[in-house]
Structures are given as C-alpha cells and as structure tokens.
Amino acid sequence: MADFILGIESSCDDTSAAVLKDGFLLSNVIASQQVHKDFGGVVPELASRAHEQNIVPVVSQALGKAGIQPSDLTAIAFTRGPGLLGSLLVGTSFAKALGIALDIPIIMVNHLQGHILADFVKQEGKENRHPAFPYLCLLVSGGNSQIVRVDSPLEYTILGQTIDDAVGEAFDKCSKMMGLGYPGGPIIDRLAKEGDPKRFQFAKPHIPGLDYSFSGVKTSLLYFVRDEMAKDPQFIEKNKEDICASFQKVLIDILMDKLVKAARQTGIKEVTIGGGVSANSGLRARIEAEGRKRGWNTYLPEFKFTTDNAAMIAIAGWFRYKAGERTPLDVAPVSRIADY
Ligand code: KG4
C-alpha cells in the first residue's frame, strides 16, 4: 500500500499544504500572505489570522490537486516550530483535528529539517538528484544561518551558526536602509546583477571556528551609506546597483569561507543549500563554482522549494513516519528550537 502524506506548513507568512505519494509530489499549494506588504515585515497577529482563513481552502485544494480523498491519507506531517507561535498554532491544531477525524497519526516536523531535506522530494519526470549521507547543508534564511552536518534524515549536527543576525536579515535590513523595499533579498539579488561587486569594500568579520556574524557588516554598510549621503544626497540612487553587488558579494564571501572550511574539516564533499536565501543567484553560482573547483557534488533546490512550502515538511514527516515516529496529541508548537 502506498503512503499518502499530507504536509502542513504555517510557521511564518505562507500557508501551505502538500501531498506526497511514497515521496513523490502530487500537489504543493502555497497561499502567500499579502497583508504584510505595507508594514515592511511580517506582523504576527495578522499572519495567524490569515492562516486561519487560508488553512481549510489550501488543504482542500492540495487534496483536490492530488486527486485523493481525505480518507486516502496515511499520516499528517506538520511544522511544530521554529516560527511565529500564533501561526504555528493554526497548523498544529488543524493537523490534530484532521488526524483525530480520520483516525490517522500526526508527525511533528522541525521546519529547518524540512529545508534541509527539500532535495529529497521526488517529482515525476525529473532527475530527482539528492545528496548522499553524510552531507553538509548551508541553511540560510531570514531567521537562520547555519552549517549542518546531516548523517541521516533523523540525525543532524550544527557545525556552525550565526552568533547575531541571520544572513537574510542582513539582506532585508540593507534593502530597508537604502529604501529599496521588502523583502530585501530578491531586490538586492536583482540589482546586484547590474552592478560591480568590486566597486565598494566591506570588511569581513573574524569569528573563530565555523560560526557566522552578520551584524558588523550590516553596520559598516549603514555608516558607509550615511557618510556618502552626507556628501551627495543622490548617492544611493546613482550607485544602488554597485552597492547591492558589493554588499551581496561580501555576504556570499562570508558564507562560503566557513562552508569551505567545514568541508575541509569533515572531509565531506556532498554539499547542499536550503532556506529563503538559497534562492540568491550569486550564492547559487558560487556554490557551483566552488564545487567544481573542490570536487564537491552540489545540489541546489528548485526555486519553489527555497521558500516555505509544505512539500518539504511532508518529506521530512514521511522519513519520520517510516522510522516509526508518532506524535502524541498533547503536542504544543514551539517558537524556538535550539537544536535538532
Ligand atoms: O526561509 P525563508 O522564506 O523564511 C524565513 O526565514 O523567514 O527566508 C526568507 C529570507 C528573507 O530574508 C529574504 O530576503 C531572503 O530569504 N531571500 C533572499 C532571496 N529570496 C529570498 N535573499 C537573497 N536573495 C534572494 N534571491
């Protein structure tokens, strides 16, 4: 009998539901919330209300697109955390209610493990490459910047992580500082393509081991822009492409220095990336270039799997289901998870 897993993701501002049949994607529906646009960031209260409105239609659509009935489902995988508590509560409560109604197990999933396992979602007619264990994942998003060693779908070790801001925050804050809009990552990525990455220099931090820091480079951009604007109020407008290209370059340099070090220290040559910032075209090109230079096998997630989606939650849940995990119904969501 095939396993039909329903995945539910509601950790931040995307309500998503997906159905997998034995690891093959049948549907992946994402409702991205537009209510936050005017605020320059996600408003938690509005996010939970929008999840509450979206969850039933999104799940119905996912089942419809998959061509199955709720009674066909084997188990329900849902994001337990980390994320916004009010948002997580919607997905968790929905998963419990549906699990009770259908009398099938629910499986809690760590959202970050979903990003790390995204390459394992199989699609009909695609190559479906995925890393071999053990592999390294550079997990880069609005809330995290980590290098994780993955020994199996259930075994993770954080080798290094940011001691302050996440790299996505650095992209977003830089964009905000320059009045370019939100979320900043895609905007900076687009402008950087037109600019000269060597035009301006921003100092890299010196952090021991495999940890990261992005607050210093963010502050150095702030002071740089402030000083230049005092001399020429049109400075940003005239140079935004070069500023974005130079700033993006230093962020990628910082990420890559430690990833190269981690690969050297562990001897692991299977390398993947995950999280929202893994959509960055400069970072993707650099990973591939480093991979060719160093003999790594590199894996880049499809764009639709870089942002929050339920397909990655379903695949992570399916691995846990097959390992015999079942989540009790008194489970509560958690906004922070310190480890894996
Ligand atoms: O994983 P994600 O969707 O969710 C959170 O962690 O909240 O990541 C969102 C982050 C944002 O900081 C956004 O600016 C960044 O991913 N991002 C990008 C790009 N697309 C999204 N950063 C750089 N380049 C991109 N193309």
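Between the Cα long axis of helix 44-66 and the first principal axis of the chain there is an angle of about 60°, rounded to the nearest 10.
Not counting the cut sites, what is the longest span of the chain without trypsin sites (Lys or Arg not before Pro) that DSSP labels loop and that have at most 14 other Cβ atoms within 10 Å? Excluding the exposed sites themselves, the longest stretch runs over 200-325. The stretch between Asp151 and Asp232 holds 23.9 nm of extra length on full extension. This uses 0.36 nm per residue minus the Cα-Cα distance. Averaged per residue, region 135-303 has 44 square angstrom of accessible surface, using a 1.4 angstrom probe with ligands and nucleic acids left out.
Sticking with the crude label model, points 7 Å out along Cα→Cβ, report the distance from Glu241 to Ser60 in nm, one decimal please. Result for the modelled spin labels: 4.8 nm. Full extension of the chain between Arg190 and Arg294 yields a length gain of 34.6 nm, computed as 0.36 nm times the residue separation minus the alpha carbon distance. For the chain, the 222 nm mean residue ellipticity estimated from helices alone, with every DSSP H stretch of n ≥ 4 adding -39500 (n - 2.57) and the total spread over all residues, rounds to -14000 deg cm²/dmol. Return the whole-Å distance between the Cα centroid of region 292-340 and the Cα centroid of region 212-262. Region 292-340 and region 212-262 have Cα centres separated by 31 Å. Working from label points 7 Å from Cα in the Cα-to-Cβ sense, the Thr219 to Lys322 distance is 4.8 nm. Specify the angular offset, from 0 to 90 degrees and rounded to the nearest 10, of the alpha carbon long axis of helix 281-294 from the longest principal axis of the alpha carbons in the chain. Helix 281-294 and the main axis of the chain meet at about 90 degrees. In this structure, the amide hydrogen of Thr306, modeled 1.01 Å from its nitrogen in the peptide plane, lies closer than 5 angstrom to no residue at least 5 positions away or on a different chain.
With respect to the chain, whose longest principal axis is taken over its alpha-carbon atoms, helix 235-266 is tilted by about 60°.
Overall, the anisotropy analysis places the chain in the prolate class: the square-rooted eigenvalues a ≥ b ≥ c of its C-alpha gyration tensor yield a/c not less than 1.5, with a/b exceeding b/c.
In percent, rounded to a whole number, the relative contact order of the chain is 25, using alpha-carbon pairs under 8 Å and six or more apart.
Say each of Leu89 and Phe303 gets a label point 7 Å from the Cα, pointing the same way as Cα to Cβ; how far apart are those two points in nm? Each label point lies 7 Å from its Cα, and together they span 3.6 nm. Sparse packing (at most 15 other Cβ atoms within 10 Å of the Cβ) combined with a DSSP loop state is found for the following GluC sites (Glu not before Pro) in region 246-319: Glu302.
The separation of region 122-180 from region 38-110, counted between C-alpha centres, amounts to 23 Å. Given a Förster radius of 41 Å and the C-beta distance between Met1 and Asp253 as r, what FRET efficiency does 1/(1 + (r/R0)^6) yield to the nearest 0.05? The value I calculate is 0.25.
The values are calculated or read from the model by the stated rules, or taken from the named source; none is laboratory data. Nothing here was measured: the structure is a model prediction, and the numbers come from that model. So basically every Cβ, Gly included, is an ideal-geometry build from the backbone, and we count neighbours across all protein chains shown. All accessible areas refer to the heavy atoms of the entire protein, side chains included, with ligands and DNA or RNA removed. Shrake-Rupley method; radii C 1.70, N 1.55, O 1.52, S 1.80 Å.
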